[in-house]
Amino acid sequence: MSFAATLRPVHIRAVIFDLGGVVLGSPIQAMAEYERDHGLVAGGINRLIATNGHDGAWARLERGEVSFASFRDAFQQECAAAGIVMSVPAMFDYIRRDGAGPRPAMLTALARLRTAGLHTAALTNNFASDPGSDGDPIEGDAMAELAHHFDVFVESRRCGLRKPDPKIYELVCGMLEVTPPEAVFLDDLGLNLKPARAMGMHTIKVVDADQALTELEAVLGLQLRGRGGTHQE
């Protein structure tokens, strides 16, 4: 039986991927490594980002409302006010290092999904490149190259929306021309999965690439890893 033949539920027409922590390395893991190496309380930086929410410096950066230089100063101040003594440029060195290069297994899966006739999208909270800023985390050419692996590529910095705002999920579904129940969404943060699930998407919380692809294969009835792309029995 060919790879394109599928046992997937007929309503699934698209698969939507977060980037950091799913297709790329995890920024949350990078933050954890930074905290460990610098004697900070584990998870403190990520909790601060979540606590500050929509109006925090991190959220404003991801919506493209501030430059990286402005963010750097504001976020440093937010951390200091919370008792977190850290360096934003140094932390982003960790994020840049851990996020460098896509996970090969995910690229293979993306290619097989498209061969099988499913649409693919990236849905990422990210930030604009700011040349000349210390700790600038974005490599524009690398992001452009990654976009070639998807039919649709939605970046928070370009659309002015960020997960978990329901409007960004509506946007990506509209661009894919699917309804939410026709999509599977993979993200490493439960906070980002919750609104997608409420809209009717099938959601997969990503712990690691192998676990995520095992679950996705089960949902779709496709073999997305291993030899030659034969159908999963």
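Compute the signed sum of charges (Lys and Arg +1, Asp and Glu -1) over the other residues within less than 15 Å, Cβ to Cβ, of Ala42.
With Lys, Arg at +1 and Asp, Glu at -1, the neighbours total -1.
What number do you get for the chain when its Cα radius of gyration is normalised by 2.2 N^0.38 Å, N = residues? Numbers along the way, then the final one.
Values: Rg = 18.1 Å, N = 233, 2.2 N^0.38 = 17.5 Å.
Taking N as the residue count of the chain, the ratio is 1.04.
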- Note on the structure: In the chain the accessible area split gives carbon plus sulfur, as whole percent at 1.4 Å, a share of 54 percent
- Note on the structure: Charge tally for neighbours of Gln211 with beta carbon under 13 Å away, counting Lys, Arg as +1 and Asp, Glu as -1, is -2
- Put +1 on the Cβ of each Lys and Arg and -1 on the Cβ of each Asp and Glu in the chain; which of Ser156, Thr51, Ala198 then has its Cα farthest toward the positive end of the dipole? Ala198
- Query: Say R0 is 35 Å: what FRET efficiency, to the nearest 0.05, do Ala218 and Gln29 get from their beta-carbon distance?
  - Reply: 0.90
- Message: Less than 14 Å Cβ to Cβ from Ile168, Lys/Arg counted +1 and Asp/Glu -1: what total charge do the surrounding residues give?
- Response: +1
- Taking the mean number of other Cβ atoms within 10 Å as a proxy for protection, how do you rank 19-25, 203-209 from highest to lowest? 19-25, 203-209
- Item | Accessible area (Å², per residue) of the chain, counting only protein heavy atoms and a probe of 1.4 Å | 46 Å²
- Per residue of the chain, what 222 nm ellipticity follows from adding -39500 (n - 2.57) for every DSSP H run with n ≥ 4, rounded to the nearest 500? -13500 deg cm²/dmol
- Leu191 and Ala82 label points (each 7 Å along its Cα→Cβ direction) are spaced in nm at 0.9 nm
- What dipole magnitude, in Debye to the nearest 20, does the chain give about its Cα centre under +1 on Lys/Arg Cβ and -1 on Asp/Glu Cβ? 600 debye
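The values are calculated or read from the model by the stated rules, or taken from the named source; none is laboratory data. Since this is a predicted model, take the numbers as computed values, not measurements. A quick note on method: Cβ atoms are made from the backbone with ideal geometry, for glycine too, and the neighbour counts reach across all protein chains shown. These area figures cover heavy atoms from the full protein model, side chains too; ligands, DNA and RNA do not enter into them. Shrake-Rupley method; radii C 1.70, N 1.55, O 1.52, S 1.80 Å.
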